[in-house]
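Written below as structure tokens is the structure these notes are about.
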Amino acid sequence: MTLRRHLGVAALIVLVAASGAFAQGSQTGALSGTVQSSDKQPLPGVTVTVKSPALLGVRTAVTDTNGGYIFKGLPSGDYKVSFELSGFGTQEKNVTVAVGGNVRWMPPFPSPPSRRRSPSRVRRRIPSPPPRSART
């Protein structure tokens, strides 16, 4: 019976020690936000890319219909975040993600360059028909 008792005590010690490891919490952070135009309209379809020496490779997301994006499970460290949308150009920002933290950043994109041309009046001279007497 003492062998069972010793095994039970040993198992209890292992469980208590392991519970401390699980209580330490998350070892990563997150980056999220909403991309809007300068007139506060959400911009869907923006390609958001994060790069960091702490990250193996790059991660890419595309904003949803509300302009939202999120990167979960990022190792803590310094990141370069780029936002790209055709017609709006590219914006970049350096951010720091902390362990257990959530960095929220909402970059304002300038409104797209106007593609409409101002109306211009084009005057074209239409030659007048020759006089009737000159017709054969």
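No value in this document is a laboratory result; all are computed from the given coordinates. What you are looking at is a predicted structure, and each value in this text was computed from that prediction instead of being measured. Heads up, the Cβs are rebuilt from the backbone with ideal geometry, glycines too, and the neighbour counts pull from every protein chain shown.
Residues in region 80-95 that are free of Cβ contacts under 8 Å to residues at least 40 places away in the same chain and assigned to a strand (DSSP E or B): LYS80, SER82, GLU84, GLY89, THR90, GLN91, GLU92, LYS93, ASN94. Within region 77-102, the set of residues being closer than 14 Å to ALA30 by Cα, β-branched (Val, Ile, Thr) and under 14 Å from the mean Cα position of the chain (by Cα) comprises VAL81, VAL95. Under 8 Å between Cβ atoms, at least 6 apart or on separate chains: pull out the pairs that start in region 56-79 with a residue that is over 10 Å from GLY45 (Cα atoms) and end on any residue that is of a type in the set (Lys, Arg). Matching pairs, first to second residue: VAL58/LYS51; PHE71/ARG59; LEU74/ARG59; TYR79/LYS51.
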